[in-house]
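*Asks:* Pasting in a structure now, in structure tokens, and then I'll have a few things to ask.
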Amino acid sequence: MFFLWKKIFLTSGTKIYSLLIGFITLTFTAHWLGPEGRGLIAASTTWVSMFSTFSDLSLGQVAIHIASNNRNQQWLSNMLGSLLLMMGIITLLCWSIILILFYISKGAIFNELSFDLLLIAFLLLPLLIWDNYASSIFMALDKVEVYNKTIIYGKTAGLLFLVAAYYLSYGVKGVLVSMIISQIVVSLMGQKYFLKNAETKICASIQTMKSLIKGGAKLHLNTIGSFMIMYTDILIISHYHGVVVTGYFQLAIQLISIMLIIPVSASMIMYGQISQKGPDLAWLYHRKVLIYITLFMIAIACIAKLISKWAIVIVAGEQFLPSVPIFDLMLLALVGMTFSNIMASQWIGRGLFIYVSIMTTLSGFGNLILGLFLIPQYGMLGAVYGTLITYSVSILINGSMAILCEFQYRKIEKF
């Protein structure tokens, strides 16, 4: 168990470095660009995130399942080639859709986002899609530490360009370009490792692509539902209340995301354990990780509640004080978010694609409906209420899954 905690905390160390970079970036851009600038960044990056999430077909997660079922066989070369080809096709389709939507609506769909800002933001699309795929391959190989190194170099490069963008007065566009540079570095370093360790020449395989698409068809609704839970509120708030209010809400959401460093790190490590050992044997460690990290996150949430006003003023300035009550309420969702992150690998590792898709899709649509109903009247608070309801249900569902995993493990232990 010690080696597992070591991996989690080493991964968390990388995430903490990313947190530090994110903290510096958040503080820097909040003071530099203000709520309106942060709102433009939030709206543009959310559009890109939405397209990358909806279009990547969850092929990375399916790749983990395929690797788990082929632990003693060569699978890396065909997987890399197939995913690279799929990424190229998906990117071209998405870029075409964006151009058509902007032309038909004359930009109205994207509200206050200009065409040139949208164009720069969507250069991130293939990089984000590939990052989803590459991170999954690293998890399947149980080489998260290599992926962590790429993140460190990428985040550092992005921060250096952000400083340059400030001195060159590039504004919001400069911030977006710094994100692009960061992802380029991550992608190139990851590709270097894959090329070095591929068993044979990297090439696409029709059979592998069929397996990926078949699994993605069952699983992808889960990814879409997860996005709807976390990010559609930002788009709804932007539409009804403008970019300034969006900036307030996005700050609170970003701070909550930063707090999820350890659960996300644990989830990455557990994907590797399940790929190497299988879901049943990995549960011996998984259950302890779930219990201890949940207790840790409850303690962190209590501390965050006590210092939230002071911390947000330090991070972003007094102009972001409206974010404080939103952040405080969102802390109540941390347990549900922790359960959702840590239990995800068990759902995927067991191949329960359809079940997890139905569960998350219903939650996502429920959150969307609540947002459309509550946000126009209650603003940011309406979004928070919808999120709290959604993650309360998530605790019940993922808790039930944990109980089923425990029963299954005890059956195996008897033999």
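*Asks:* Only one of these conditions is not met by GLY39: (1) under 17 Å from SER238 (Cβ atoms); (2) modelled with pLDDT of 85 or more; (3) surrounded by 20 or more Cβ atoms within 10 Å (Cβ to Cβ). Which number is it?
*Replies:* Of (1) under 17 Å from SER238 (Cβ atoms); (2) modelled with pLDDT of 85 or more; (3) surrounded by 20 or more Cβ atoms within 10 Å (Cβ to Cβ), only one is false for GLY39: (2).
*Asks:* Being more than 30 Å from ASP280 (Cα to Cα), surrounded by fewer than 21 Cβ atoms within 10 Å (Cβ to Cβ) and not acidic (Asp, Glu) is the requirement here; does LEU76 meet it?
*Replies:* No, not satisfied.
*Asks:* I need every pair where a residue in segment 87-116 that is of a type in the set (Phe, Trp, Tyr) has its Cβ under 8 Å from the Cβ of a residue that is not in a helix (DSSP H, G or I), sequence separation at least 6 or different chains.
*Replies:* Correct list of pairs: PHE115/GLY107.
*Asks:* Now a separate question. Of the conditions (1) buried (at least 17 other Cβ atoms within 10 Å of the Cβ); (2) closer than 16 Å to GLY272 by Cβ, LYS143 satisfies every one except a single condition; which number is it?
*Replies:* (1)
*Asks:* Restricting attention to segment 370-415, and to residues there that are of a type in the set (Gly, Ala, Ser) and farther than 30 Å from ILE237 by Cα, which single residue is surrounded by the most Cβ atoms within 10 Å (Cβ to Cβ)?
*Replies:* Ranking the qualifying residues of segment 370-415, first place goes to ALA402.
*Asks:* Could you list, ordered by first residue, the pairs with Cβ atoms under 6 Å in which the first is in segment 368-393 and touching a residue at least 60 places away in the same chain (Cβ under 8 Å) and the second is polar (S, T, N, Q), at least 6 apart or interchain?
*Replies:* Close Cβ pairs satisfying both conditions: LEU368/THR232; GLY386/ASN367; THR390/SER363; THR390/ASN367.
*Asks:* I'm told ALA316 meets every condition in (1) under 19 Å from THR27 (Cβ atoms); (2) in contact with a Phe, Trp or Tyr (Cβ under 9 Å, 6 or more places away or on another chain) except one. Can you identify the failing condition by its number?
*Replies:* (2)
*Asks:* Which of the residues that make up segment 321-350 are touching a Gly at 6+ places or on another chain (Cβ under 8 Å) and at pLDDT below 85?
*Replies:* GLY349
*Asks:* Name the residue that is modelled with the lowest pLDDT, counting only residues in segment 42-75 that are under 28 Å from SER178 (Cβ atoms) and aromatic (Phe, Trp, Tyr).
*Replies:* Across segment 42-75, the extreme among qualifying residues is PHE54.
*Asks:* Could you tell me how many of the residues in segment 168-182 are farther than 14 Å from VAL48 by Cα and either part of a helix (DSSP H, G or I) or in contact (Cβ under 8 Å) with a residue 40 or more places away in the chain (or both)?
*Replies:* Residues that pass the stated criteria total 8.
The values are calculated or read from the model by the stated rules, or taken from the named source; none is laboratory data. Because the structure is a prediction, the values reported are computed rather than measured. FYI the Cβ positions are ideal-geometry reconstructions off the backbone, even for glycines, and counts take in every protein chain you see.
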